[in-house]
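Engineer: Dumping the structure here so I can ask a few things about it.
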Amino acid sequence: MPGLLRGVARTAVVAGTATAVSNRVSRRQAGRWARQEPAQAEQQYAPPPPPPAAPAPPADDMSSKIAQLKELGELKEQGVLTEEEFAAQKSRILAP
């Protein structure tokens, strides 16, 4: 009987130790994830920077308007401006 009790006691100690270690690892990982989540959320949900404002035309001559439209077209091709932003800036430049 003493051998059987010793085996049962050893099994209980090993099982208890394994449970304690598993719980500690789980708590540590949860803490790490909790610290990382706010930083990731800020990166994912940060608003995009505002588009650069087109410079005001120095004169109403057609060559300066064409130059500005070319710059807007390049910004749109690079993905800096969306279609809506491009259309709004284009109408502002072409307005009398």
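The values are calculated or read from the model by the stated rules, or taken from the named source; none is laboratory data. Quantities reported herein were computed from a predicted structural model and do not represent experimental measurements. These accessible areas exclude ligands, DNA and RNA; they are computed on the full protein's heavy atoms, side chains included. Shrake-Rupley method; radii C 1.70, N 1.55, O 1.52, S 1.80 Å.
Engineer: Could you list, in sequence order, the residues of segment 12-25 that are open to solvent by 80 Å² or more (accessible area, probe 1.4 Å) and among the hydrophobic types (A, V, I, L, M, F, W, C)?
Structural biologist: Correct list: 13, 14, 21.
Engineer: Does residue 28 count as at pLDDT 85 or above and open to solvent by 60 Å² or more (accessible area, probe 1.4 Å)?
Structural biologist: Numbers: at pLDDT 85 or above: yes; open to solvent by 60 Å² or more (accessible area, probe 1.4 Å): yes.
Yes; evaluated as a whole, the condition is true for this residue.
Engineer: Still on this model: Give the residue that is nearest to the chain's Cα centre (by Cα), with candidates limited to residues of segment 57-96 that are at pLDDT below 80 and open to solvent by 80 Å² or more (accessible area, probe 1.4 Å).
Structural biologist: Narrowing segment 57-96 to residues at pLDDT below 80: 57-62, 96.
Applying the additional criterion that residues be open to solvent by 80 Å² or more (accessible area, probe 1.4 Å) yields 58, 60, 62, 96.
Working: 58: 39, 60: 42, 62: 42, 96: 41 Å.
The qualifying residue nearest to the chain's Cα centre (by Cα) is 58.
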